[in-house]
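Q: To start, I am sharing the structure in question, which I have written as structure tokens.
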Amino acid sequence: MPSLPPLPARARTRASAASSSPRRILVTGAASGLGLALVRALVARGDDVLATDVQADRPDVLPEAAAYLPLDVRSDEAWAAALAHVRETWGGLDLLVNNAGVAAGGRIDVATMDEWHWIVDINLLGVVRGCRTFTPLFKEQGSGHIVNTASLAGLVHAPGMAAYNTVKAGVVALSETLSHELAPHHVDVSVVCPSFFRTNLGSSFQGADTEMETAGKKLVSGSKRSAEQIAEIVVRGIDARRDVILTDRDGQIAWRAKRFARPAYTAVMKRAARRVAAGR
């Protein structure tokens, strides 16, 4: 891989909630959607941001102050190169944001095994690789913060989304496990669980279950929440080092209903399943 230019130096200002020094941050899936919104928000605060995405060339949409590194989260070699670059350029890392992900919807008897392998490799194992790659560095430092982007689907499991629900639930489980495992090393772990918001995630939908794909795209495109609004809430949650960052009221209500009003929650999901079965 060719050598990359050093990360840009610039005047830095920070929000009052954050520390006086700029943080060194790596964000995956940074060329669009929530990843791009987070990069813009973090750069605006004065943080040093290394934006990464699967594209070989630097995406034009990234802010000039952000550095860029190609990173396919499915590649162990690409993760090793990212770690080497961070060590050489910064000498350490303060915040790893495992945000890269794709979307898929499909009933269990319609979605193919190829679809399952595809989404597991990106949405779950991509996060695992990121955590495995940078945990030794965080342990050496005795500090650090891992932020994993999951979804409300990792907490609340609607019908017709088996693969997506499963990988996002796996990210939630991984994050909780690591929050305990890494606490003795002074490393924090947060998991982000947004509901539907406007993003280009719908463009990554693929699979045999076209009915569920169409429904998922409508929910994404029809949301009143923007990626920028979600990013603002996520940044506040990161500053507060929350274990679970719920980004919207819909998600908070659904999660509380599942925990504290399980019969009502189950009834809602059963009705949704009947609509799916009826093709509505």
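Values quoted throughout were computed directly from the atomic coordinates according to the rules given, and no laboratory measurement underlies them. If you're wondering where the values come from, they're calculated on a predicted model, not measured in any experiment. Positions of Cβ are generated from backbone atoms using ideal geometry, with glycine treated the same way; all protein chains shown enter the neighbour counts.
Q: Would you mind computing, in nm to one decimal, how far apart the modelled labels at M269 and H180 are, each placed 7 Å from Cα along Cα→Cβ?
A: 2.2 nm
Q: Return the equivalent ellipsoid semi-axes of segment 45-192 as a descending list in whole Å, where each equals the square root of 5 times an eigenvalue of the C-alpha gyration tensor.
A: So the equivalent ellipsoid measures 27, 19, 13 Å along its semi-axes.
Q: Right, next: What's the magnitude of the charge dipole for segment 24-248 around its Cα centre, counting Lys and Arg as +1 and Asp and Glu as -1 at the beta-carbon? Answer in Debye, nearest 20.
A: My answer is approximately 500 debye.
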